[in-house]
Amino acid sequence: EITMLLPDLAHLFPNVQALPALDLGMGTKQRFAATWQFLARPLTSGPRPPLLVVVEDMHWSDETSLDLFHQFARRISAYPMLLVGTCRREGMPPSLAHLMANLSRDRLANELFIQPLTRDQVAAMVQAIFRVEQPIKGDFLDRLLEFTEGNPFFIEETLKALVEAGDISRTGGKWE
């Protein structure tokens, strides 16, 4: 069941024979149960190591995935498990807003708002990535901040792309 829901995990279970395809309407509850059993198994056998489950970009999730997240949130209180969902607030679909309201109402979630990095934080990040101590040029820093909106992932990926394109290079022991 878990490999039907998450096919990328099939390589972890090479000796398990695939089940016949389920009717989507009839199989949803079974898939939820199988996914829960897969995640909870290490928490119920032997020592109970903590488990972190992260679901990123929930603003792209379909109704079934949001329902699965809600079901997990209801079940985890008895386990050493942390369930984290990430999403963007702007342009949030109504189905996700509804889920977040339900989680809040049922006291199953704490919402954390992560602010974009400031100009000084972006400068520190660029210095750390390139392992330099000299200040980052202001015009470059301003354009990077404007382009990435202070999102650390986008900053890192943008810098990587600039290096790969040769727009940033190491010359004479310095990054230009």
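The values are calculated or read from the model by the stated rules, or taken from the named source; none is laboratory data. None of these values were measured; they are calculated from a predicted model. Using ideal geometry, Cβ is built from the backbone for each residue, glycine included, and neighbour counts are taken over all protein chains shown. Side chains are part of the model used for accessible areas, which takes the heavy atoms of the whole protein and leaves out ligands, DNA and RNA. Shrake-Rupley method; radii C 1.70, N 1.55, O 1.52, S 1.80 Å.
The Stokes-Einstein estimate for segment 98-141, based on a Kirkwood radius over Cα pairs and taken at 4 °C with 1.567 mPa s viscosity, is a diffusion coefficient of 97 µm²/s.
Protein heavy-atom surface of the chain, 1.4 angstrom probe: 56% of the accessible area is carbon and sulfur, with nucleic acids and ligands not counted. In the context of the full set of protein chains, residues of the chain present 72 Å² of accessible surface per residue (probe radius 1.4 Å, heavy atoms only).
Once Rg and the Kirkwood radius are both taken over the C-alpha atoms of segment 37-107, their ratio Rg/Rh works out to 1.01. Compared with the direct C-alpha span, the chain from HIS11 to TYR79 gains 21.8 nm at full extension, assuming 0.36 nm per residue.
In the chain, the DSSP-assigned H stretches of four residues or longer account for a calculated mean residue ellipticity at 222 nm of -15500 deg cm²/dmol, using -39500 (n - 2.57) per stretch and the full residue count as denominator.
Of the chymotrypsin sites (Phe, Trp or Tyr not before Pro) in segment 44-130, the ones in a loop by DSSP (not H, G, I, E or B) with at most 11 other beta carbons within 10 Å are PHE113. Could you tell me whether segment 114-164 comes out rounded, prolate or oblate from its Cα gyration tensor? Rule is a ≥ b ≥ c as square roots of the eigenvalues, rounded for a/c under 1.5, then prolate if a/b exceeds b/c, otherwise oblate. Cα axes put segment 114-164 in the rounded bin.
Computed from the alpha carbon positions, the gyration tensor of segment 83-176 leads to an equivalent ellipsoid with semi-axes of 37, 13, 11 Å, biggest first. Between GLN127 and ASP142, the modelled labels are 2.0 nm apart [label points 7 Å from Cα along Cα→Cβ]. Each part gets one Cα centre, and for segment 114-140 versus segment 141-176 those centres are 10 Å apart.
Here r is the Cβ-Cβ distance between HIS98 and LEU51 and R0 is 25 Å; the resulting FRET efficiency, rounded to 0.05, is 0.40.
Remark: the chain projects, on average over all directions, an area of 15.2 nm² (convex hull of Cα atoms).
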